[in-house]
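Undergrad: Can you read through this structure? Questions will come right after.
The values are calculated or read from the model by the stated rules, or taken from the named source; none is laboratory data. These numbers come from a predicted model, not from an experiment. Here the Cβ positions follow ideal geometry from the backbone for every residue, glycine too, while neighbour counts run over all protein chains shown.
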Amino acid sequence: MNCNEVELLFAEAIGDELDASHRASLHAHLAVCESCRGEFEGLSKTVTGMKTIDPPSRLSVERIGDRLVIGRSLHRSGRRMQPVLWAACRYAASVLIAFLAGYTLHARLPQVNAPQPLDSAPARSPGHHGVSFESALVSAHMHNPAGSGLATGLKILADSRR
Amino acid sequence: MKEASPVEQFARHPGIEFQPYAEKVYGWAYRVLGRHDDSLDVVQDVCIKWVQQCAKQAPDHPGGWLRRVALNRSLEMVRSRRPGALNSEQIGEVATADRHGEALDRAALRDDIAAAMETLTDAQRGVLVAKVYDEMTFAAIAEEMGLATSTVKTHYLRGLRAVRDRLKKRWTDWESL
């Protein structure tokens, strides 16, 4: 077997499809031909190197499938939605802080000589001189349900303190 | 007329299943990209193209079609992220590697393989991946790709030589992997 003939067997030999008789002939040639041996070993090493790159074995088809479905709604759109979600969280936090601040302020301020701010404000409880925070919110809601909210309530409360 | 969305197309052709190929597509992408999330992106993109293709005409050889599309999409992603540093996933690999630097070697090896694959034709790349990673026989690859077996072997050796030339300098590193 000469070098050209041997080279025709490289693909099958490296691809592990070479029959025993041809394999013997190939290795007999490689034992005496340094050039072919170098070429063969180089190509074999290349396959070995490529095979060291394995995907994670822990993944199953089902998990990939789940991710395939869920991934499109969460993974990708999640990247776009992230700023919106952060904005929503910031808004919710600011409303909560405003609520707590307003409630604390209301509890600490002296409840004397508070003017009646709204015609529609509910009746005050006996001994209570200001408009309660809760009643202000209810009043705002009754007055304008679409535009009611904590901010409106706080505004009414602030007005009631003037 | 507005083209139907992939979801609409999928709804019209519910019999065509991508799921059995999902893991294969992931494997092809991961071997080129080496990143879990990027590989899943490739799976998704390939799935959409698969549905669109099936809406027109189902490929005669789904495996070959998917391999070609997945490899091309993966290489597009490789090109789009160059030059790039290791991402958090790869840094995690480094941190958990038994030997420090192993993951770096592996990432470099993967990048070199991807770079070599870019220089190949679709057919050479497809044959190489089908043989090395999918462990298909030359006859099966030939049938799938509609080529002569001798042509498949030629593609295989050319592809292998291209990768070898790229990787030669790393042979000592491989032996320690």
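Undergrad: B:Asp37 - would you say it is at pLDDT below 85, surrounded by 13 or more Cβ atoms within 10 Å (Cβ to Cβ) and not in a loop (DSSP other than H, G, I, E, B)?
TA: Taking the combined requirement at face value, the residue satisfies it.
Undergrad: Sort through B:Ala103, B:Ala58, B:Ala95, B:Ala85 and tell me the only one that's touching an Asp or Glu at 6+ places or on another chain (Cβ under 8 Å), among the hydrophobic types (A, V, I, L, M, F, W, C), farther than 20 Å from B:Val129 by Cα and at pLDDT below 85.
TA: Result of the check over B:Ala103, B:Ala58, B:Ala95, B:Ala85: B:Ala103.
Undergrad: For residues that are part of a helix (DSSP H, G or I) and either at pLDDT 95 or above or not aliphatic (A, V, I, L, M) (or both), tally how many sit in the range B:127-138.
TA: Going through the range B:127-138 one residue at a time, the tally reaches 2.
Undergrad: If you go through the range A:1-18 one residue at a time, how many are within 13 Å of chain B (Cβ to nearest Cβ) and in a loop (DSSP other than H, G, I, E, B)?
TA: 4
Undergrad: Out of all the residues in the range B:48-69, which are crowded, with 23+ Cβ neighbours inside 10 Å and more than 19 Å from B:Gln124 (Cα to Cα)?
TA: Residue satisfying the conditions is B:Trp50 alone.
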